[in-house]
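The values are calculated or read from the model by the stated rules, or taken from the named source; none is laboratory data. Since the model is a prediction, treat every value here as computed from it, not as a measurement. Counting neighbours? That spans all protein chains shown, and the Cβs are built from the backbone with ideal geometry, glycine included. All accessible areas refer to the heavy atoms of the entire protein, side chains included, with ligands and DNA or RNA removed. Shrake-Rupley method; radii C 1.70, N 1.55, O 1.52, S 1.80 Å.
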Amino acid sequence: MRKQGKGTECVQAGYTPENGGPRQIPIIQSTTFKYDTSEHMGKLFDLEESGYFYTRLQNPTNDRVAAKICALEGGTAGMLTSSGQAANFYAVFNIANCGDHIVSSSTIYGGTYNLFHVTMRKMGVDFTFVAPDCTEEELAAAFRPNTKAVFGETIANPALTVLDIEKFARAAHAHGVPLIVDNTFATPVNCRPLEWGADIVTHSTTKYMDGHGAAVGGAIVDGGKFDWFAHADKFPGLTTPDDSYHGVVYAEKFGLEGAFITKCTAQLMRDFGSIQAPQNAFLLNLGLESLHVRMPRHCENALAVATFLKDHPKVSFVTYPGLAGDKYYELAQKYMPNGTCGVVSFGVKGGRAAAETFMKHLRLAAIETHVADARTCCLHPASATHRQMNDAELAAAGITANLVRLSCGLEDADDLIADVSQALDRVEM
Ligand SMILES: *Cc1c(COP(=O)(O)O)cnc(C)c1O
């Protein structure tokens, strides 16, 4: 069959109505599912047959939306989670247990850093953080015998560094472990990490995929290529019997294409229950239907704003990987030639007070702890997400006191530039 374009997949993948069936994905608002015999239900519990029995594990609405995201990423299996945090936790914990170790890029979302560095450490999983632009030697030196995966973000939030996916995939595979990439900021419209050697992709669907600031959610997609059996000693959870399912061996029964997601659903969803509400999956799907139309506009607006800011006398620096001259411009051109994301960060000359003055005078851009939705919003990390840090601590985290993170929405670029321009005019030099 002819491979469909990403736009067609955004609109149609994951659900084909039957004759006379609802055109829109139905919201299956039901916690449970009815069967005629206990024997049939027993087979579901033994993973002998596929089917739904309880929405804490799986729901048909979610599965159709997950199938769309899976098609968009070019994977073999996918699942939705209640949040991006849950997606990253599940993706890592599905293969790393107490006593194991993960190599992660240091420029990752603050929430993920906290999950790894604080909470998962309490669970006995250790992490080594490496700079995204480290050398191959530095990267190789971070591995240990108990390393189980490598983790990074395609475009990091909020640092806006671009991951050299091929370099990280090479290192992961040389050490017999998969590369997990959080593709939230680029979205599969701009980059498909699986095509560059990543093995598992995660998302906070809360951002561009939903795109309207309506529903928190996450997703995990497996590329289905990582050979768990070739490194069976590292991944006993996939290659040896699961006693909680009558001895099923996931990689044997569900193949390389289905093992990771089936295990993640059968064990982690069952035990932790971070399922996405079917209502939210429905809202997410509405967002996905226009993702391919919205992403180019986000990128176009961000590039226009970044270009304006670059030459502004009251701006000390601009970081945007889509802007020629940016430190990550070449990598962005390689991995995302059609565009990066809508988020730009920049410094207002005059330090913390100047940034605060600028923010106060914005009219269109709203001050929010959010990014990546239709409405332009901005944040001053030094007085919000990172306010507990002094200037020296901020510098160590790669954030300056005058840094503003601007998430360009879908409004007219001229209006966004006019807003930023008038707010900069209010800053005294
Ligand atoms: C927001 C975000 C997350 C966390 O997602 P939630 O849906 O807020 O739980 C993870 N990774 C990245 C890159 C994000 O931007």
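Could you please give the count of residues in region 219-244 that are among the acidic types (Asp, Glu) and open to solvent by 50 Å² or more (accessible area, probe 1.4 Å)? Steps first, answer last, please.
Applying the first criterion (among the acidic types (Asp, Glu)) to region 219-244 yields 222, 227, 233, 242-243.
Then drop every residue that is not open to solvent by 50 Å² or more (accessible area, probe 1.4 Å), which leaves 227, 233, 243.
So the answer is 3.
So residue 159 clears everything in (1) open to solvent by 10 Å² or more (accessible area, probe 1.4 Å); (2) within 12 Å of the ligand (Cβ to nearest atom); (3) of a type outside the set (Lys, Arg); (4) in contact with a strand residue (DSSP E or B) (Cβ under 7 Å, 6 or more places away or on another chain) except one condition, right? Which one?
(4)
Quick one: which of 201, 216 is open to solvent by 50 Å² or more (accessible area, probe 1.4 Å), among the β-branched types (Val, Ile, Thr) and within 14 Å of the ligand (Cβ to nearest atom)? Steps first, please.
Numbers: 201 fails: open to solvent by 50 Å² or more (accessible area, probe 1.4 Å).
Unique residue meeting the criteria: 216.
If we keep just the residues of region 309-331 that are touching a Leu at 6+ places or on another chain (Cβ under 9 Å) and outside any loop (DSSP other than H, G, I, E, B), which is most open to solvent (accessible area, probe 1.4 Å)?
Residue satisfying both the conditions and the ranking: 310.
Select from region 113-124 the residues that are at pLDDT 95 or above and closer than 20 Å to residue 165 by Cβ and list them in ascending order.
Matches in region 113-124: 116 only.
Restricting attention to region 88-121, which residues are among the aliphatic types (A, V, I, L, M) and within 27 Å of residue 258 (Cβ to Cβ)?
The initial filter retains those residues of region 88-121 that are among the aliphatic types (A, V, I, L, M), namely 91-92, 95-96, 102-103, 108, 115, 118, 120.
Across region 88-121, the qualifying residues are 91, 92, 95, 96, 102, 103, 115, 120.
Residue check, residue 176 against (1) at pLDDT below 95; (2) on the phi > 0 side of the Ramachandran plot, all met but one. Which one?
All conditions are met except number (1).
The rows are residues; the columns are (1) open to solvent by 20 Å² or more (accessible area, probe 1.4 Å); (2) modelled with pLDDT of 95 or more; (3) part of a helix (DSSP H, G or I).
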{"site": "40", "(1), (2), (3)": "yes, no, yes"}
{"site": "65", "(1), (2), (3)": "no, yes, yes"}
{"site": "80", "(1), (2), (3)": "no, yes, no"}
{"site": "102", "(1), (2), (3)": "no, yes, no"}
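Checking residue 108 against (1) within 11 Å of the ligand (Cβ to nearest atom); (2) without any contact (Cβ under 8 Å) to a residue 60 or more places away in the chain; (3) not hydroxyl-bearing (Ser, Thr, Tyr): exactly one of these is not met. Which one?
Unmet condition: (2).
Specify the residue that is most open to solvent (accessible area, probe 1.4 Å); the eligible residues are those in region 146-156 that are of a type outside the set (Gly, Ala, Ser) and away from the ligand (no atom under 11 Å from the Cβ).
Keep residues of region 146-156 that are of a type outside the set (Gly, Ala, Ser), which gives 146-148, 150-151, 153-155.
Of the ones still in play, those that are also away from the ligand (no atom under 11 Å from the Cβ) are 146-148, 150.
Working: 146: 48, 147: 2, 148: 22, 150: 1 Å².
Selected residue: 146.
Only one of 91, 86 is of a type in the set (A, V, I, L, M, F, W, C), open to solvent by less than 20 Å² (accessible area, probe 1.4 Å), within 16 Å of the ligand (Cβ to nearest atom) and over 26 Å from residue 133 (Cβ atoms). Can you tell me which? If you could, list the steps in order and put the result at the bottom.
Details: 91 fails: over 26 Å from residue 133 (Cβ atoms).
Every option except 86 fails the conditions.
Only one of 127, 116, 143 is surrounded by 13 or more Cβ atoms within 10 Å (Cβ to Cβ), assigned to a loop (DSSP other than H, G, I, E, B), of a type in the set (A, V, I, L, M, F, W, C) and in contact with a strand residue (DSSP E or B) (Cβ under 9 Å, 6 or more places away or on another chain). Can you tell me which?
On the way: 127 fails: assigned to a loop (DSSP other than H, G, I, E, B); 116 fails: assigned to a loop (DSSP other than H, G, I, E, B).
That would be 143, the only listed residue that is surrounded by 13 or more Cβ atoms within 10 Å (Cβ to Cβ), assigned to a loop (DSSP other than H, G, I, E, B), of a type in the set (A, V, I, L, M, F, W, C) and in contact with a strand residue (DSSP E or B) (Cβ under 9 Å, 6 or more places away or on another chain).
Given the condition of a type in the set (D, E, K, R) and more than 17 Å from residue 10 (Cα to Cα), answer yes or no: does some residue in region 206-225 qualify?
If we filter region 206-225 for residues that are of a type in the set (D, E, K, R), which is where we start, we get 207, 210, 222, 225.
Restricting the remaining residues to those that are more than 17 Å from residue 10 (Cα to Cα) gives 222, 225.
Looking through region 206-225, at least one residue is of a type in the set (D, E, K, R) and more than 17 Å from residue 10 (Cα to Cα).
Against the definition (open to solvent by 10 Å² or more (accessible area, probe 1.4 Å), within 16 Å of the ligand (Cβ to nearest atom), assigned to a helix (DSSP H, G or I) and more than 24 Å from residue 41 (Cβ to Cβ)), how does residue 189 come out, yes or no? Spell out how you get there, then give the answer.
Working: open to solvent by 10 Å² or more (accessible area, probe 1.4 Å): yes; within 16 Å of the ligand (Cβ to nearest atom): yes; assigned to a helix (DSSP H, G or I): yes; more than 24 Å from residue 41 (Cβ to Cβ): yes.
Judged against the criteria, residue 189 is a match.
Within region 299-308, does at least one residue satisfy the condition of being away from the ligand (no atom under 14 Å from the Cβ), assigned by TED's automatic domain parsing to the domain that holds residue 95 and among the aliphatic types (A, V, I, L, M)?
No, there is no match, as no residue in region 299-308 is away from the ligand (no atom under 14 Å from the Cβ), assigned by TED's automatic domain parsing to the domain that holds residue 95 and among the aliphatic types (A, V, I, L, M).
Pull out all pairs, ordered by first then second residue, where Cβ-Cβ is under 7 Å, the residues are six or more apart or on different chains, the first lies in region 383-405 and is of a type in the set (Val, Ile, Thr), and the second is surrounded by 18 or more Cβ atoms within 10 Å (Cβ to Cβ) and in a loop (DSSP other than H, G, I, E, B).
As it stands, the answer is 399/386; 404/380, since those pairs meet every condition given.
Considering only region 326-352, state which residues are aromatic (Phe, Trp, Tyr) and farther than 14 Å from residue 163 by Cα. Even if it seems obvious, please write down each step before you answer.
As a first pass, look at region 326-352 and keep what is aromatic (Phe, Trp, Tyr): 328-329, 335, 346.
Scanning region 326-352 gives a single hit, 346.
Which ones in region 42-59 are in contact with a Phe, Trp or Tyr (Cβ under 6 Å, 6 or more places away or on another chain) and not in a loop (DSSP other than H, G, I, E, B)?
Filtering region 42-59 for residues in contact with a Phe, Trp or Tyr (Cβ under 6 Å, 6 or more places away or on another chain) gives 44, 47, 52-53, 58.
Within region 42-59, 44 is the sole residue that qualifies.
Which is at pLDDT below 95 and of a type in the set (Asp, Glu), of 49, 153? Give the steps one after another, and end with the answer.
Details: 153 fails: at pLDDT below 95.
Unique residue meeting the criteria: 49.
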